[in-house]
Amino acid sequence: MVGRSRNYATNAEKQAAYRARKRMTVLNQIPVVHGEGYTLYQGDAVALVPLVGAYDHCITDPPYEQDAHTRMRRTRAVLEGRQVNAGVDFAPVTEVQRRLFGQLRCGWILIFCQAEAIARYQALLGANYKRPLVWVKPDSAPQFTGDRPAMGYESIVCAWGQPGRCRWQAGGKRGIYTHLIRDNEPRLHPTQKPLALMRELVRDFTQPGEVVLDPFMGSATTGVACLLEGRRFVGIEQAPGYFAMACDRLATAANQGRLFAATPAPRQAALL
């Protein structure tokens, strides 16, 4: 029996219904995990970002530039002696992935990157580009060759993706964030960011209850920060191993958030 065709009042309504069916067809073919305050997708960010629904901001750490994947660049696991040869285990950023950020229509867009890549993102983002932020790393590795200064910071491109004036929660604060790399969190990803850094960024650039997108979530430190700060999170990760780690971390963070919410705040004793 042939299904009955549906009549639409306008062509726009018909196109919207078609896009919704196409979206569900794609999402039904990939792993999707829903939790309390978060949704995670395993797949290609370029294909999935247009399909994941509404979000208020984007905070992400995409792949590095090509020169960061040379044998001269060593990961923290090598520097700390935990692995003999641990290169970055994912491909460099592609121009297709980079162009994704120029298509975002949300509030704040924060992109971790090398200082050498700032100009590329500025050209891509145009008038939406605001300025770079700096993450200062007091415990970063020295320059082992001794022939030049060591790199003791990482850049964060800061852009506003909506019409109108931008707004954040930190007043006249400078865009300089100082956090140790070694933060006592389990090291699950070669470029994992400190949880305290991500929590500070989430507090400064988003409001409680808002939705933060991370299309390159890795082991989901941004997602953990969002849940602990009372925000919601949408994450995308292509690598199955990191996706599984992200699912575990966010389930734990959601349980931790419920524990804090269920614990009443201590009452201050009367002074008189």
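The values are calculated or read from the model by the stated rules, or taken from the named source; none is laboratory data. Small disclaimer: the values here were computed from a predicted structure and weren't measured. Neighbour counts are summed over all protein chains in view; Cβ atoms, including those assigned to glycine, are modelled from backbone coordinates with ideal geometry.
Each row is one residue, and each column tells you yes or no for (1) under 23 Å from V49 (Cβ atoms); (2) modelled with pLDDT under 95; (3) not in a loop (DSSP other than H, G, I, E, B).
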{"position": "F144", "(1), (2), (3)": "no, yes, no"}
{"position": "R174", "(1), (2), (3)": "no, no, no"}
{"position": "R187", "(1), (2), (3)": "no, yes, no"}
{"position": "M198", "(1), (2), (3)": "yes, no, yes"}
{"position": "R203", "(1), (2), (3)": "no, no, yes"}
{"position": "F216", "(1), (2), (3)": "yes, no, no"}
{"position": "C226", "(1), (2), (3)": "yes, no, yes"}
{"position": "V234", "(1), (2), (3)": "yes, no, yes"}
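How many of the residues in region 153-166 are in a loop (DSSP other than H, G, I, E, B) and either in contact (Cβ under 8 Å) with a residue 40 or more places away in the chain or surrounded by 14 or more Cβ atoms within 10 Å (Cβ to Cβ) (or both)? Selection size over region 153-166: 3. How many residues are under 14 Å from the mean Cα position of the chain (by Cα) and more than 17 Å from A251 (Cβ to Cβ) when one looks only at region 211-230? So the count comes out to 5. Within region 91-99, at least one residue is modelled with pLDDT under 90, of a type outside the set (A, V, I, L, M), within 28 Å of A47 (Cβ to Cβ) and surrounded by 13 or more Cβ atoms within 10 Å (Cβ to Cβ). When region 112-140 is limited to residues that are of a type in the set (S, T, N, Q) and in a helix (DSSP H, G or I), the one that is nearest to V202 (Cα to Cα) turns out to be N128.
Out of curiosity, is R203 surrounded by fewer than 17 Cβ atoms within 10 Å (Cβ to Cβ) and closer than 23 Å to G230 by Cβ?
no
For beta carbons closer than 8 Å, sequence separation of 6+ or different chains, a first residue in region 1-20 that is polar (S, T, N, Q) and a second that is at pLDDT below 70, there are no qualifying pairs.
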